[in-house]
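Worksheet: the structure to be examined is printed underneath.
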Amino acid sequence: MHSMLCEHTAVLVTKMKIRTYSELIMYDSFLDRFKYLKLDGQVGNDTFGFDRYLNQVFYNSIEWQRARDNVILRDNGCDLGIEGREIETVYDLNSRNKRRRKTSNLIIHHMNPISIEDVKNRNPIIFNPEFLITTVLRTHNAIHYGNVDNLSAGPIERKINDTIPWRR
């Protein structure tokens, strides 16, 4: 029984693709980077289940905040680190105290799925920028659920007088 389990585990490990930032930046286009990162998950699959509190503790930790800041700087605040796809900061009105609040849909994505054990044991790989990339919620969801239609079109290329129809 033990040898069968080891063989099965070895097969799973060899089939799993480890994604890295070093490989990701070899792709120049946004779509190619998306295809490299795509996970083809399914909506509704649990990741942390009843241990969801671990997720919150992890993402609020000082170690994570430092790693997150470093990745944002490295990627210049751009979606998948692609120049020209800067992630905008949005200001919204906080209804409770009527003050403007700075928000963003910026997310740091783990290129390889993390486990409860990784979080509990503070596995260094979950903080390593080699396995992290800056993205937005829309791209992040497309990576997880494989729907290329969810990706934003990207920046609009402007032309002279394109916003003034009577001058064309």
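The values are calculated or read from the model by the stated rules, or taken from the named source; none is laboratory data. What you are looking at is a predicted structure, and each value in this text was computed from that prediction instead of being measured. Cβ placement follows ideal geometry from the backbone for every residue including glycine, while neighbour counts extend to all protein chains displayed.
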Taking residue 19, is it closer than 19 Å to residue 141 by Cβ, at pLDDT 90 or above and not in a loop (DSSP other than H, G, I, E, B)?
no
Being touching a strand residue (DSSP E or B) at 6+ places or on another chain (Cβ under 6 Å), within 16 Å of residue 24 (Cβ to Cβ) and at pLDDT 95 or above narrows it down to one residue among 107, 133; which is it?
133
For residue 119: the one exception among (1) assigned to a helix (DSSP H, G or I); (2) modelled with pLDDT under 90; (3) more than 28 Å from residue 30 (Cα to Cα)
(2)
Of the candidates 75, 69, 92, 79, the one satisfying the condition of being under 22 Å from residue 24 (Cα atoms), among the charged types (D, E, K, R) and either modelled with pLDDT under 90 or exposed (fewer than 14 other Cβ atoms within 10 Å of the Cβ) (or both) is 69
Members of the stretch 108-149 found to be within 18 Å of residue 35 (Cα to Cα) and of a type in the set (A, V, I, L, M, F, W, C), listed by number
108, 111, 131, 132, 133, 136, 137, 142, 143, 148
